[in-house]
Amino acid sequence: MVEKLSTQCCIAGGGPAGMMLGFLLARAGVDVMVLEKHVDFLRDFRGDTIHPSTLAVMDDLGLLEEFLGLPHQRVDSLSANVYGQSVTIADFTHLKAVCPYLVLMPQWDFLDFLAERGRAFPNFHLLMGTRATGLIEQDGVIVGVRAESGSDAFEISCDLAVAADGRHTTLRESAGLAVEEAGAPIDVLWFRLTRDPSREDAQTGGYIRPGLFLVAINRDTYWQCGYVIPKGSLERLRAAGLDALKDHIHECVPVLGDALGELRDWDDLKLLTVQVNRLLRWYREGLLCIGDAAHAMSPVGGVGINLAIQDAVATGNLLGDALREKRLQTSHLEAVQRRREWPTRVTQRLQIAVQNEILAPVLAARRDGDPPKPQSLPLALQLVRRLPMLSRIPARVVGMGVRPERVRQRA
Ligand SMILES: Cc1cc2nc3c(=O)[nH]c(=O)nc-3n(C[C@H](O)[C@H](O)[C@H](O)COP(=O)(O)OP(=O)(O)OC[C@H]3O[C@@H](n4cnc5c(N)ncnc54)[C@H](O)[C@@H]3O)c2cc1C
C-alpha cells in the first residue's frame, strides 16, 4: 500500500543544504517537506565548521544570539606547521563580518537547531527515517518523489523536488543529470584521539613534514584528525601495517604520540574518498539539485558546508515567492544555477590548485621504503609567511565564500 502525500516543495536530505532550505522556505510561507533517511542527525564527523557567512545568515534570521548560546568553540585563525615553521594561513579577525571567526560545533547540534526552529512553522514537515528512493515523472516533468520509511512507502507529489541528498545522491541519479568530474590526487583518513588539556598542546591546523600531511582540529576533549594520503593508497598503507602509519602520525605531530595507542584497528580510521565534481545542469523541470548533490567539494579549506548553506540561501531568495504564489517556472531554477555555479567553479579551482600545487608534491616526497626527500616551504606558504597580510585572502575565501549570500526573503 502506497500512501499519497502532497506538498509544495519536497526536499530529499536533511544535511546543511536541505535543513537550511527547508527552514527558509517554511519561513517564507511555503509548504515544505524534508526527508532525512537517518532517524537522527547523530552521525560521524562530517565537518563541524560554521563559517562567518553562515553566522551572518543566522543574524539575518534573528537567530544568532540563541545559536551562539549552544556549546561551541571559536577559531580566529588557521595555521600550518610546515617542516617545524608555523605559518598563519587564514586570519579571520580582519573580515568585515558580523562574526569574524569560525565556530566549531557538532553538525548534529546545528541541524537539530534548524529542525527545532523549523518546527515552529506549521507548514514545515520533517520526516526522519524516511529515504527518498526516486522521482515521479510525467511527460518529462518531475512531479513528485517516491520515498520509504521501514515498510511504509510514499508517493509525495510536489511543485518542486530538491535533491539535497549529498555526494551519493539518489535523486540526481534518478534524474539522469550529467556530472563533470575534476578528479583529486588525495584521499583522507579521519580519526579522533583523546586530548589531555593539561599536557603540552598542538595547535589547530595543518602539519606538513616531508611526505606527510595531517590536519588536527582541537575539539576540547579530543583531536579530530585528517591524515591525507595519495589517492588509492589505502591498501598499500594497510599492507605496511597500522604501526607504520602511527609512526608517521607521530612524526607529523609528536604531541599526539601518547594517544596513538587508541588506534587499535583500521576500523578506527574512516576513509573519505575525495571527489571534486559538479553537475553540468543543476535542474530539470520540477527538480533542482543543491549542495554536495550538485557539486562534491574537496575537503581543502573545509568549505563544503559553507557552499551548501549558501546554495540554500540563494534558492530561498530566488524561489520562495514563486513557490508560495504557485508560479514557479524552470527559469527560476536556471537562475539558481546561474547564481551559484560561478562561486562553485572558482572555489573548486582554488581547491584543485592547492591539491595539485601543495598537497600532491608534499606527499610525493616519500615513496615506499625510501627516506623522505628534504623539501623547501611551498611557494604560496613562503609568501604568506613573508607577507602575513596575505592570510586575509584565504580567510575571506574560507570564511565568506566567493559570493556570500544574505537572506532577502521576509518571514
Ligand atoms: C569526513 C568529512 C569531513 C568534512 N569536513 C568538512 C569541514 O570541516 N568543513 C566543511 O565545510 N565541509 C566538510 N565536509 C564536507 C561537508 O560535510 C559537505 O560538503 C556538506 O555537508 C554538504 O552538505 P549537503 O547538505 O549538501 O550534503 P550532506 O551533508 O551530505 O547531507 C545530505 C543528507 O541527505 C541524507 N540523505 C542521503 N541520501 C538520502 C536519501 N535518499 N533520502 C533521504 N535522505 C538522504 C543524508 O543522510 C544527509 O543527512 C566534510 C565531509 C566529510 C565526509
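The values are calculated or read from the model by the stated rules, or taken from the named source; none is laboratory data. Everything numeric in this text was worked out from a predicted model, so none of it was measured. Quick reminder, even Gly has a Cβ in these numbers, built from the backbone with ideal geometry, and neighbours come from all protein chains shown. Note: accessible area is taken over every heavy atom of the protein model, side chains too, but ligands, DNA and RNA are not part of it. Shrake-Rupley method; radii C 1.70, N 1.55, O 1.52, S 1.80 Å.
Give THR133, THR221 a once-over and let me know the one that is modelled with pLDDT of 95 or more, within 30 Å of LEU42 (Cβ to Cβ), of a type in the set (S, T, N, Q) and under 26 Å from the mean Cα position of the chain (by Cα). Talk me through it step by step, then tell me what you get.
Working: THR221 fails: modelled with pLDDT of 95 or more.
When all the criteria are applied, what remains is THR133.
Scanning segment 297-312 for residues that are more than 7 Å from the ligand (Cβ to nearest atom) and closer than 15 Å to GLU181 by Cα yields a total of 1. When you look at ALA120, is it more than 22 Å from the chain's Cα centre (by Cα) and modelled with pLDDT of 95 or more, yes or no? So ALA120 fits the description; yes. Taking the condition modelled with pLDDT of 95 or more, open to solvent by less than 40 Å² (accessible area, probe 1.4 Å) and among the hydrophobic types (A, V, I, L, M, F, W, C), does LEU287 pass? Considered against the rule, which asks whether it is modelled with pLDDT of 95 or more, open to solvent by less than 40 Å² (accessible area, probe 1.4 Å) and among the hydrophobic types (A, V, I, L, M, F, W, C), LEU287 comes out as yes.
For (1) outside any helix (DSSP H, G or I); (2) in contact (Cβ under 8 Å) with a residue 60 or more places away in the chain, each residue gets a yes or a no:
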{"site": "ILE229", "(1), (2)": "yes, yes"}
{"site": "ALA239", "(1), (2)": "no, no"}
{"site": "LEU245", "(1), (2)": "no, no"}
{"site": "GLY257", "(1), (2)": "no, no"}
{"site": "LEU260", "(1), (2)": "no, yes"}
{"site": "ASP267", "(1), (2)": "no, no"}
{"site": "ARG281", "(1), (2)": "yes, yes"}
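For MET58, state whether it is farther than 30 Å from LEU212 by Cβ and in contact (Cβ under 8 Å) with a residue 40 or more places away in the chain. It is false that MET58 is farther than 30 Å from LEU212 by Cβ and in contact (Cβ under 8 Å) with a residue 40 or more places away in the chain.
Taking segment 114-159, which residues are aliphatic (A, V, I, L, M), within 16 Å of the ligand (Cβ to nearest atom) and buried (at least 17 other Cβ atoms within 10 Å of the Cβ)?
LEU114, ALA115, LEU126, LEU127, ALA132, LEU135, ILE136, ILE142, VAL145, ALA147, ILE156
Checked against the criterion of being within 14 Å of the ligand (Cβ to nearest atom), open to solvent by less than 50 Å² (accessible area, probe 1.4 Å), under 23 Å from GLN8 (Cα atoms) and modelled with pLDDT of 95 or more, the candidates ALA335, ALA294 yield just one match: ALA294. Residues that are crowded, with 19+ Cβ neighbours inside 10 Å, over 11 Å from CYS252 (Cβ atoms) and out of contact with any Cys (no Cβ under 9 Å at 6 or more places or on another chain) within segment 208-236 comprise TRP223, GLN224, GLY226, ILE229, listed in sequence order.
Filtering segment 151-207 to residues that are over 30 Å from ILE249 (Cα atoms), over 24 Å from the mean Cα position of the chain (by Cα) and assigned to a loop (DSSP other than H, G, I, E, B) leaves SER151, CYS158, ASP159.
Restricting attention to segment 91-103, the residues that are open to solvent by less than 30 Å² (accessible area, probe 1.4 Å) and closer than 25 Å to LEU214 by Cα add up to 4. Scanning segment 208-227 for residues that are in a strand (DSSP E or B) and either among the aromatic types (Phe, Trp, Tyr) or within 16 Å of ALA365 (Cβ to Cβ) (or both) yields a count of 8. Could you please let me know if GLU251 is more than 15 Å from the ligand (Cβ to nearest atom), of a type in the set (D, E, K, R) and surrounded by fewer than 16 Cβ atoms within 10 Å (Cβ to Cβ)? The answer is no for GLU251.
Cβ separations smaller than 6 Å between residues 6+ apart or across chains give the following pairs from segment 67-93 residues that are free of Cβ contacts under 8 Å to residues at least 60 places away in the same chain to residues that are surrounded by 14 or more Cβ atoms within 10 Å (Cβ to Cβ) and acidic (Asp, Glu): LEU70/ASP109. Taking the criterion of being modelled with pLDDT of 95 or more and either among the small types (Gly, Ala, Ser) or open to solvent by less than 40 Å² (accessible area, probe 1.4 Å) (or both), the residues of segment 104-113 that qualify are PHE110, LEU111, PHE113. Take the residues in segment 71-96 that are hydrophobic (A, V, I, L, M, F, W, C) and within 16 Å of the ligand (Cβ to nearest atom); name whichever of them is farthest from MET58 (Cα to Cα). Only one residue fits best here, namely ALA80.
All of VAL188, VAL179 fail the test of being within 25 Å of GLY291 (Cβ to Cβ) and open to solvent by less than 30 Å² (accessible area, probe 1.4 Å), apart from VAL188.
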